[in-house]
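Structure first, commentary second.
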Amino acid sequence: MDRRTALRALAGAAAVPLLTPDLHALGRSVHAAALHRAKQVLDPHQDATVTAISDLIIPATDTPGAKAAKVCDFVDVLLTDWYEPKERDALLAGIADVDARAHTAFGKDFVDGTPAQQTALLTLLDEESVSWHDMPKASRGAEPFYHKMKWLTLYGYYTSEIGAEQEDHFEIIPGAYRACIPVHGPAAPTPGGM
């Protein structure tokens, strides 16, 4: 199983109960809002970091990845319009922490690391996120940045036009409209076509 298939399976298993029709509609409206405005929370460096992280979570394969789906624009709209200041500050602190860890691990900002260095750091953050998730809820503490970033990436990607149509092959009105077909199946044609 390749990475994209695994992520889709995880997104399906974990996100199906979470992506109610209302939450899916919210995601689509956030993408629509992102088309018509500039970044309001993420500065250029934070934007580049979010773009790099999300594109490593969902890279381009035979379909476009998170970068093409503009997940970073989606995140900026959520941070601007939907997040409480405390939640926004926590996510921005998480982005800064990724850079601090990158400096410790390979001596430069996350976006300046090689793909192997970036992947190694995200693998470590993912392992920490899994450990956090496996703890009893009473002793977990604050949600790790990477856990939230991964969810935002999946949510942003699969509610984008690219994710919905090219990856999931979502159709708003699938198939064809056929009126007056009996529930038990199509009726035999009648004389005269009626």
Those residues of the stretch 113-132 which are surrounded by 15 or more Cβ atoms within 10 Å (Cβ to Cβ) and among the charged types (D, E, K, R) amount to Asp126
Of all residues in the stretch 1-14 being surrounded by fewer than 16 Cβ atoms within 10 Å (Cβ to Cβ) and part of a helix (DSSP H, G or I), the one that is modelled with the lowest pLDDT:
Ala13
Verdict on Glu161 being at pLDDT below 95, within 27 Å of Ala60 (Cβ to Cβ), of a type in the set (Asp, Glu) and crowded, with 16+ Cβ neighbours inside 10 Å
no
If the Cβ limit is 6 Å and pairs must be 6+ apart or interchain, which residue in the stretch 145-164 that is in contact (Cβ under 8 Å) with a residue 24 or more places away in the chain and under 12 Å from Phe74 (Cα atoms) pairs with which residue that is among the hydroxyl-bearing types (Ser, Thr, Tyr) and part of a helix (DSSP H, G or I)?
Thr153/Ser54
Taking the stretch 70-92, which residues are hydrophobic (A, V, I, L, M, F, W, C) and farther than 12 Å from Leu152 by Cα?
Trp82, Ala90, Leu92
From the options Gly107, Gly113, residue that is touching a helix residue (DSSP H, G or I) at 6+ places or on another chain (Cβ under 9 Å) and without any contact (Cβ under 8 Å) to a residue 60 or more places away in the chain:
Gly113
Given the conditions (1) at pLDDT below 90; (2) under 17 Å from the mean Cα position of the chain (by Cα), report the number of the one that Leu78 does not fulfil.
(1)
Filter the stretch 30-62 for residues that are over 12 Å from Asp73 (Cα atoms), free of Cβ contacts under 8 Å to residues at least 40 places away in the same chain and assigned to a helix (DSSP H, G or I) and give the result.
Asp55
Would you mention how many residues in the stretch 66-103 are in a loop (DSSP other than H, G, I, E, B) and either aliphatic (A, V, I, L, M) or without any contact (Cβ under 8 Å) to a residue 24 or more places away in the chain (or both)?
6
Here's a check for you: in the stretch 133-158, which residue that is buried (at least 23 other Cβ atoms within 10 Å of the Cβ), aromatic (Phe, Trp, Tyr) and out of contact with any Leu (no Cβ under 6 Å at 6 or more places or on another chain) is modelled with the lowest pLDDT?
Tyr158
Of residues in the stretch 19-73 being crowded, with 18+ Cβ neighbours inside 10 Å, of a type in the set (Ser, Thr, Tyr) and over 11 Å from the mean Cα position of the chain (by Cα), the one nearest to Leu91 (Cα to Cα):
Thr49
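The values are calculated or read from the model by the stated rules, or taken from the named source; none is laboratory data. Predicted model, so just to flag it, every value in this text is computed and none were measured. Positions of Cβ are generated from backbone atoms using ideal geometry, with glycine treated the same way; all protein chains shown enter the neighbour counts.
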